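Since the structure comes first, as structure tokens, the remarks are kept for the end.
Since every read-out is calculated from the coordinates, none of them should be taken as a lab result. Values in this document were obtained by computation on a predicted structure and should not be read as measured data. Backbone-built Cβ (ideal geometry, glycine too); neighbour counts: all protein chains shown.
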Amino acid sequence: MTERVTFTGSTGPRLAGIIDEPVGEVRGWGVFVHGFTLGKDSPAAARICKQLAAEGVGMLRYDNLGLGDSEGDWGDGSFTVKVADTVLAAELMAERGTPVDLVAGHSWGGAAAIAAAPGIATARAVATVCAPFDPSHAEHHYDDLVDQVLQEGNAVWQVGGKRLNLKRGMVEDVRAADLEHRISELGKPLLVMHSPTDNTVGIDNASAIFRAARHPRSFVSLEGSDHLLTRPGQAQRAGRIISAWADQYLTQD
């Protein structure tokens with residue numbers, strides 16, 4: 001079962017989300033942060049959340065600004081906005097009586113999950129999947145447009161069948177994002193998952209995140225997976241791993 005929800009994002013427009021309701025005994029609740037341009041219905045986000053829900057962990061996944069069913073212009077977003085919106089997504093969960101225990105994210109969303117978790121008072125654990133150590137890694141995807149954006153203020157970026165408005169503010173915010181100190185100061189159990197054959201965000205990123213993190217910290221290799229976790233069963237496998245690892249942090253009081 002799913003529930004469609006909306007909430008006001010940090011920049012004003014309404015953001016759309018789906019709550020995958022837990023099946024059977026409720027073990028806990030979480031929020032999932034999708035990748036840079038992907039959306040709540042991307043394979044990694046949807047399949048991981050559905051797997052967690054099947055194992056009793058209800059999950060909210062939402063579309064970032066200007067993506068999927070959410071309002072606004074994607075170009076008005078940034079790493080800072082993504083983090084702030086994730087905290088607001090958790091507030092929505094708290095208001096409905098299902099406070100967030102788990103903060104999880106895929107790719108760039110994994111970095112945002114780490115940065116957002118300290119702002120979510122009820123969060124007990126954080127899990128990342130194929131996340132970059134440095135959020136500015138995203139610039140590799142649009143590096144041929146950076147000079148134009150910085151000079152003219154914006155440029156149209158065609159990616160994954162979408163036409164996105166890349167703006168100077170976003171480029172500058174992404175460049176300024178600092179995740180290293182956020183990892184070391186996280187203060188929550190962290191699970192780092194990554195594929196050694198990830199050709200988009202190399203596994204050296206996982207090593208850097210793991211080294212910067214403090215205990216309790218765990219690492220699981222998602223061997224055989226591609227970055228987007230599109231191969232059959234890979235996203236579900238990641239969901240099962242998160243579920244098992246987080247069990248001791250999800251036990252309801």
Links exceeding 22 Å between C-alpha atoms in this model, out of Lys50/Lys188; Lys50/Lys167; Lys50/Lys162; Lys82/Lys167; Lys82/Lys162, come to Lys50/Lys188; Lys50/Lys167; Lys50/Lys162
Taking the Cα centre of the chain as the origin and placing charges on Cβ (Lys, Arg +1; Asp, Glu -1), which of His140, Ile114, Leu179 is farthest toward the positive end of the dipole?
Ile114
Estimated dipole of the chain in Debye, rounded to 20 [Cβ of Lys and Arg +1, of Asp and Glu -1, Cα centre]:
520
Most fluctuating residue given options Arg163, Arg27, Arg96, as computed from a GNM of the chain linking Cα atoms under 10 Å
Arg96
Relative contact order as a percentage, the chain, C-alpha pairs under 8 Å and 6+ apart, gives 19
For the range 1-128, give the magnitude of the charge dipole about the Cα centre (Cβ charges: +1 Lys/Arg, -1 Asp/Glu; no others), in debye to the nearest 20.
260
Hey, can you rank 126-138, 208-220, 9-21 by average C-beta count inside 10 Å, highest first?
126-138, 9-21, 208-220
Normalised by the residues of the range 113-194, what does the relative contact order come to in percent, with Cα pairs under 8 Å and at least six apart?
46
Between Thr230, Ile241, Val129, whose Cα lies farthest towards the positive end of the dipole of the chain when Lys and Arg beta carbons carry +1 and Asp and Glu beta carbons carry -1, centred on the Cα centre?
Ile241
Separation in nanometres of the label points that stand 7 Å from Cα toward Cβ, at Arg163 and His140:
2.9
